1. Return the long-range amide H neighbours of Glu163 (sequence gap of 5 or more, or a different chain), with a cut-off of under 5 Å between placed amide H atoms.
2. Could you go through the stretch 230-236 in sequence order and give the Karplus-derived ³J(HN,Hα) for each residue, using 6.51 cos²θ - 1.76 cosθ + 1.60 with θ = phi - 60°, rounded to whole Hz, and x for Gly and Pro?
3. With θ set to phi - 60°, apply the Karplus curve 6.51 cos²θ - 1.76 cosθ + 1.60 along the stretch 153-160 and write out the HN-Hα couplings as whole Hz, x wherever there is a Gly or Pro.
Amino acid sequence: MPIKDYRLRRKIILGLTIGSGIFLLYALRNLFPAFLGAVVLYVLFRPFFGYLRHTRKWPSWLATWTIMLTTFLLLVLPLVTVIMMIGTKVSNFLKHTEAITSIIEKVQTFFGVKVNDDATVEKILTFLQENMFGGVSSFLSGIFGLLLTLGMMYFMLYFMLTEHRQFENTLIKYMPFKPENSLRFAKELQSSTYSNVLGQGFIAFVQGSLVAIGFVIFDFQDPIFWGIISFFLSFLPVIGAPIVFVPAGLIAIANGQATDGYAIMLWGFILVTNIDNVLRFFISKYVANTHPLITIIGVIIGIPVFGILGLVFGPLLISWFFLLVKIYEEGKDEELVDEDDGITA
C-alpha cells in the first residue's frame, strides 16, 4: 500500500539516503587519503590554475596537465625517491651488524655501562631486526598501495580542475553556511592549508638543510641522508630535528671526537631549533597561525591513519576542524542578531 503521508515519505527517503551515505563512506574509506590529497593540491594550485586559464588564456586541458605535471615533479617524485632511499639505507645498515656492535661498544665506553656481552648484543640486534627491518619491509610492501593512492588522487584532481566551476558551485550549494560565509570559509581554508603544507614544509626544509650543512661542516657521515631524515622529523615542532643531531653528537663524543660532538649539538640547539620560532613568526604574520600543539597532535594521529602522508594530513584535518567550529560559532552569533532584529522590527 503506497505511503500517502508526505512527511513520512520524506523521513523514509532521508533515512535511506543517510544509510546509503554511511555505507558508501565505509566502502570508500581506503580512497579517503586520495581524495584528501586531491583537495589539498587543488587548494594549493587553484590560483596558479586560474592564472594559466584566465590571464595566460591557456586551454583547460593544457592548464590541468601543467598543474598535474608540476605537482608530480615537485612533490610526488621526490617523496617516492626519499622513501625508497630511506628503506634501502636502513636495510643496508641492519645487514651489517658490526656497525651496530661498534656503536654499542662506544656507548658502553662513554657511559660506563656493561652491555657488550654476547647475549645482550644478540638481543639488541634481534630487536632491531624484528622491529626496524620488519617495519621497513612492510613499509616498502605498501609502496604499491601508495602508488595506487597517488593514481586515484590525480584522477580526482584532473576532474576537479577541468570542471572547477561545477565543483566549486556544488560545494557552495551544499555547504551548511550562508553564501558569504561559504566564501569566507573557502578563503580561510586556503590560508590554513598554506600554513600547514607550505609553511610547515618550508620550516622542515630549512631545518633539514641546516642539519645537513652542520654535518658537512663538522665532518659527519651521510649529511644529505640525515638532512632528509631531519626534514621529515622537523614536522614535529621543537623535538623533531634534535632526534638526529643529539645522538650524532653523543656518538661522536663517545668516539673521542668531543669537539665535533659538542659543536654539532651547539649548532643544532642554537641555530636549527631557534630558526623554527623565527620562521613561524613570519608565517603566522603573512599566511595563518598554526599552533605547534596542533601540529604535534596532528602528526601523532595522522601517521597511524595515513602513513607518512599523515605528517601533512593530520595537522591539516585538525586545523580544518577548528575552522569549522569557528565558522559555526560565528554563524550562531549572526542568527541571534537576526532574531533580535526581527523582534525589534
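Bear in mind that the values in this text are calculations on the coordinates, not laboratory data. Since this is a predicted model, take the numbers as computed values, not measurements.
1. none
2. Coupling constants for the stretch 230-236: 5, 4, 5, 5, 5, 5, 8 Hz.
3. Each residue's phi maps through the Karplus curve to give 4, 6, 4, 5, 4, 4, 6, 4 Hz.
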